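Enquirer: My questions will all concern the structure given below.
Here, each number is a calculation from the coordinates, and none is a lab measurement. What you are looking at is a predicted structure, and each value in this text was computed from that prediction instead of being measured. FYI the Cβ positions are ideal-geometry reconstructions off the backbone, even for glycines, and counts take in every protein chain you see.
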Ligand code: UDP
């Protein structure tokens, strides 16, 4: 176990994982209107949302992850009111941290999705935060830097791998047209992979 801990500390390619019992709802925060919000309400894309909104979606591929609310989540036993309150608090907190990080790197965090699970009865952030689960726009030009590039046919490619000086490869993610490279370069946030 000590050796394992040593490797965790000194090896960029190892992660310490916790198995969570996942809560089957996704938490979405929106700082600017985009995506399904625009389609649902017919509001204009890019409108700033003050304060940022919080939405819940049921994880159900067959139903295309329908929007739900806290009352439904409690009644169907997907989560308790207390668990939902904690998920909401943590998602807003993540929004503060991440918005500031991207802002400093010249990007707007438009919206993002987080998932949570239970570990020893505690709500814990699960899944991942990656270019696949958020919208990022260039702050100055509002150029889209996320997966919407290829969803909307704006050009790009599915994967980018950026060779690193130490022989590793930086993972760019399932996004397009250099967007993740920019995100990686500007924030250093994304993970790294062995070649
Ligand atoms: N999102 C996600 N997984 C999903 C649904 C949404 O990661 O299954 C993210 C998405 O990348 C965006 C935010 O949640 O950053 C809001 O997504 P939206 O409801 O606008 O749906 P979309 O238009 O992306 O399908």
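Enquirer: For an R0 of 45 angstrom, estimate the FRET efficiency from the Cβ-Cβ distance between residue 43 and residue 3 and round to the nearest 0.05.
Expert: About 0.25, to the nearest 0.05.
Enquirer: OK, next. When only C-alpha pairs under 8 Å and at least 6 residues apart count, what is the relative contact order of segment 14-84, in percent?
Expert: Value for segment 14-84: 28 percent.
Enquirer: Can you check what the Kirkwood hydrodynamic radius comes to for segment 62-127, Cα pairs only, in Å to one decimal?
Expert: 13.6 Å
Enquirer: Taking R0 as 35 Å, what's the FRET efficiency between residue 63 and residue 101 from their Cβ-Cβ distance, rounded to 0.05?
Expert: About 0.55, to the nearest 0.05.
Enquirer: In terms of the Cα gyration tensor, with a ≥ b ≥ c the square roots of its eigenvalues, is segment 1-40 rounded because a/c is under 1.5, prolate because a/b exceeds b/c, or oblate?
Expert: Prolate, because a/c is 1.5 or more and a/b exceeds b/c.
Enquirer: Any idea how far the Cα center of segment 1-68 sits from the one of segment 107-132, in Å?
Expert: So the two Cα centres are separated by 4 Å.
Enquirer: For segment 1-151, list log₁₀ I(q)/I(0) at each q in 0.10, 0.16 Å⁻¹, using the Debye formula over Cα point scatterers of equal strength and ignoring solvent, two decimals each.
Expert: After summing over all Cα pairs, the log10 values are -0.42, -0.98.
Enquirer: I need the fraction of alpha carbon pairs in segment 20-104 separated by more than 17 Å, rounded to a whole percent.
Expert: Everything past 17 Å amounts to 54 percent.
Enquirer: While we're here: If I model segment 1-68 as equal point scatterers sitting on the Cα atoms and use the Debye formula, what is log10 I(q)/I(0) at q = 0.15, 0.21, 0.22, 0.24 Å⁻¹?
Expert: For segment 1-68 at q = 0.15, 0.21, 0.22, 0.24 Å⁻¹, log10 I(q)/I(0) is -0.69, -0.88, -0.93, -1.03.
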